[in-house]
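K.L.:
Below: one structure in structure tokens.
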Amino acid sequence: MPSTPAAAATTRVTDARPNPRPLVEPAPPLAPERIARYSRQIMLPGFGELAQRRLAAARVLVIGAGGLGATVVPLLAATGVGTIGIADDDDVELSNLHRQLGHGVADLGRPKVDSLADTVAATDPEIRVVRHRERLTSANLVDLLADYDLLVDGSDNFPTRYLANDAAIIAGVPLVWGSILRFHGQVSIAWHREGPTYRDLFPVPPPPDEVLSCELGGVLPSLCVTVGALMSGEVVKLVTGVGTPLLGRVTTIDALTGRTRELAYEAIADAPEITSLVDYELFCGLEPTVGAGSEASARSNQDAADPRISAAELLRRLREGAPMRLVDVREPAEAELRRIDGSELVPLGDLLTGAEPAAGDGAIVVYCERDVRSRRAARALADRGHVDVTYLAGGIDGFAAVASEFVRR
């Protein structure tokens with residue numbers, strides 16, 4: 001979920017920081033068949049067998065097995081990272097497959113950590129994969145990091161991003177992070193020992209009702225691969241000491257224009273020291289959950305705080321004929337211009353003064369032009385005791401772009 005770095009921290013163009021010394025001591029000399037496997041990589045300028053041996057000794061923990069993790073993990077395996085931990089408590093769903101290329105149709109319903117572990121084994125069975133099928137929390141992440149040299153955050157929610165950043169600071173390990181949404185992506189490194197961290201770029205999390213997930217906002221599959229590939233490249237640079245890592249810099253990508261931009265940022269001089277972890281759902285303005293880290297936990301958390309439905313999900317329900325009550329809370333003049341087939345008009349002013357939707361079966365889905373009024377209407381109906389109320393994210397304006405056949409003009 002990208003945010004604009006310039007809105008959160010002062011940025012300026014600076015010279016790139018030199019690469020610190022290699023993060024990992026090298027493993028023993030490679031066997032002949034390993035040299036053959038990595039021969040094209042070993043021949044890279046400045047690389048050699050020594051860098052490959054460092055990768056073989058490296059232990060990397062990846063948060064998330066979704067759009068980014070499903071790219072990062074197979075790439076790390078192919079590159080020769082010896083031990084890869086995967087932390088995710090989600091199962092593979094059909095809606096994952098268009099962008100999470102480490103999973104396939106045969107994996108539907110399986111834990112994502114198992115699916116990705118099989119993907120790695122198919123590439124190189126000598127790579128050790130550690131499966132952490134659990135939600136990451138303030139109670140367990142620092143302990144997990146004791147077994148790893150480096151953390152990669154491929155999560156899709158802000159609580160986990162701040163958790164990953166703070167845990168990496170306490171554990172003293174570098175963090176490679178990436179984010180994606182719609183056509184935009186970001187990649188950077190947070191390493192307190194060597195430079196600024198995620199909190200220096202984004203000191204304050206955005207309000208929950210301003211955050212779009214990939215489920216609601218969408219994401220271009222090739223962007224997942226692009227950002228994931230850049231993240232895996234940063235891991236290689238840190239482990240081996242080759243190249244110039246993104247320390248104090250964030251690379252932003254616009255897949256629609258093909259343009260990239262680099263922003264430099266520095267540590268906030270008077271920022272409080274991170275010495276312990278907190279409840280990151282509360283920190284980000286969300287209701288607390290058991291944990292964080294996967295798409296499933298992020299969705300359940302977001303649903304509790306802000307019950308909304310995407311245009312694609314509404315289209316799916318309409319296509320399958322699911323029972324629901326569509327309630328239009330705009331004014332009559334707006335409804336005359338366009339409305340969703342089968343919806344009932346209950347203007348927001350009337351609803352707030354006591355008007356009720358007609359009785360019927362199924363969930364109530366409230367919509368307006370964008371979604372400002374429908375959010376308020378959904379809260380009012382929930383407060384009156386309606387137990388299954390959502391609002392249409394993006395309103396009829398967004399829905400018309402996805403499913404114009406259901407919009408009557």
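K.L.:
What does the charge count near Leu345 come to, summing +1 for each Lys or Arg and -1 for each Asp or Glu among other residues with Cβ under 11 Å from its Cβ? Provide the component values of the computation, followed by the final result.
P.N.:
Details: positive: Arg330, Arg339; negative: Asp328, Glu331, Glu334, Glu336, Glu344, Asp350.
Around Leu345, the charge tally is -4.
K.L.:
Taking the solvent-accessible surface of protein heavy atoms with a 1.4 Å probe, what is the per residue accessible area of the chain in Å²?
P.N.:
Details: 17780 Å² over 409 residues.
With all protein chains present, the chain gives 43 Å² per residue.
K.L.:
Picking from Glu234, Glu356, Glu25, which is most flexible by a Gaussian network model of the chain using Cα springs under 10 Å?
P.N.:
Glu356
K.L.:
Can you show me the helix-derived [θ] at 222 nm for the chain, built from DSSP H runs with n ≥ 4 at -39,500 (n - 2.57) apiece and divided by the number of residues, rounded to the nearest 500. Spell out each step's value before the answer.
P.N.:
Details: 18 runs with 150 residues, N = 409.
Dividing the helical sum by the residues of the chain leaves -10000 deg cm²/dmol.
K.L.:
If the viscosity is 1.567 mPa s and the temperature 4 °C, what Stokes-Einstein diffusion coefficient in µm²/s follows for the range 12-167 when Rh is the Kirkwood radius over Cα pairs? It would help to have the intermediate numbers written out before the result.
P.N.:
Numbers: Rh = 16.7 Å.
It diffuses with D of about 78 µm²/s by this estimate.
K.L.:
To the nearest 10 square angstrom, how much accessible area does Glu331 have with a 1.4 angstrom probe?
P.N.:
Surface accessible to solvent at Glu331 totals approximately 90 Å².
K.L.:
Taking the chain as a Gaussian network, where each spring joins two C-alpha atoms under 10 Å apart, which residue of Ala269, Ala57, Ala190 fluctuates the most?
P.N.:
Largest GNM mean-square fluctuation: Ala269.
K.L.:
Would you mind classifying the range 82-223 by shape? Square roots of the alpha carbon gyration tensor eigenvalues, ordered a ≥ b ≥ c; an a/c under 1.5 is rounded, otherwise it is prolate if a/b is larger than b/c and oblate if not. Mind showing how you got there, number by number?
P.N.:
Values: a/c = 1.85, a/b = 1.16, b/c = 1.60.
Judged from the Cα gyration tensor, the range 82-223 comes out oblate (a/c at least 1.5, b/c at or above a/b).
K.L.:
What FRET efficiency would be calculated for the residue pair Leu315, Val204, taking the C-beta separation as r and a Förster radius of 35 Å, to the nearest 0.05?
P.N.:
Details: r = 35 Å, r/R0 = 1.00.
E between Leu315 and Val204, to the nearest 0.05, is 0.50.
K.L.:
Taking all protein chains in place and a 1.4 Å probe, what share, in percent, of the accessible surface of the range 48-145 do carbon and sulfur account for?
P.N.:
On the way: 1770 of 3420 Å².
Ligands and nucleic acids excluded, carbon and sulfur give 52 percent.
K.L.:
Same structure, new question: Compute, for Asp254, the solvent-accessible surface of its heavy atoms (probe 1.4 Å) with the complete set of protein chains present, and express it in square angstrom to the nearest 10.
P.N.:
Per-residue accessible area (Asp254): approximately 40 Å².
K.L.:
Using only the Cα atoms, work out Rg/Rh for the range 172-277, with Rh taken as the Kirkwood radius, to two decimals. Don't skip to the answer; put the middle values down first.
P.N.:
Details: Rg = 14.7 Å, Rh = 15.0 Å.
With Rg and the Kirkwood Rh in hand, the quotient comes to 0.98.
K.L.:
Shifting gears a bit: Keeping all protein chains in position, work out how much accessible area Phe406 exposes to a 1.4 Å probe, and write it in Å² to the nearest 10.
P.N.:
40
K.L.:
Which sequence of His98, His386, His192, His103 reflects their accessible areas, 1.4 Å probe, from the largest down?
P.N.:
On the way: His98 90, His386 50, His192 120, His103 20 Å².
I get His192, His98, His386, His103, largest accessible area first.
K.L.:
With the calculation restricted to Cα positions, what are the radius of gyration and Dmax of the range 83-160 in angstrom?
P.N.:
Final numbers for Rg and Dmax: 13.1, 35 Å.
K.L.:
May I ask you to derive the relative contact order of the range 162-276, considering only C-alpha pairs under 8 Å and at least 6 residues apart, and to give it as an integer percent?
P.N.:
Details: 170 pairs, mean separation 37.9, N = 115.
Computed value for the range 162-276: 33 percent relative contact order.
K.L.:
Probe radius 1.4 Å, ligands and nucleic acids ignored: give me the carbon and sulfur share of the accessible area of the range 244-287 as a rounded percent.
P.N.:
For the range 244-287, the apolar C and S fraction of the accessible surface comes to 48 percent.
K.L.:
Whole Å is fine, so just give me how far the alpha carbon centre of the range 333-354 lies from that of the range 75-93.
P.N.:
Cα centroid to Cα centroid, the span is 48 Å.
K.L.:
Considering the range 325-409, what Rg and Dmax in Å follow from its alpha-carbon atoms?
P.N.:
11.8, 33
K.L.:
Then there is this: Considering only protein heavy atoms, with the full assembly of protein chains and a 1.4 angstrom probe, order Lys237, Lys112 by accessible area, largest first. Intermediate results must be reported in sequence, preceding the final value.
P.N.:
On the way: Lys237 45, Lys112 0 Å².
The ordering from most to least exposed comes out as Lys237, Lys112.
The values are calculated or read from the model by the stated rules, or taken from the named source; none is laboratory data. A quick note: this is a predicted structure, and the numbers were derived from the prediction, not measured. Positions of Cβ are backbone-derived with ideal geometry, glycine not excepted, and every protein chain shown enters the neighbour counts. SASA here: full protein model, heavy atoms, side chains in, ligands and nucleic acids out. Shrake-Rupley method; radii C 1.70, N 1.55, O 1.52, S 1.80 Å.
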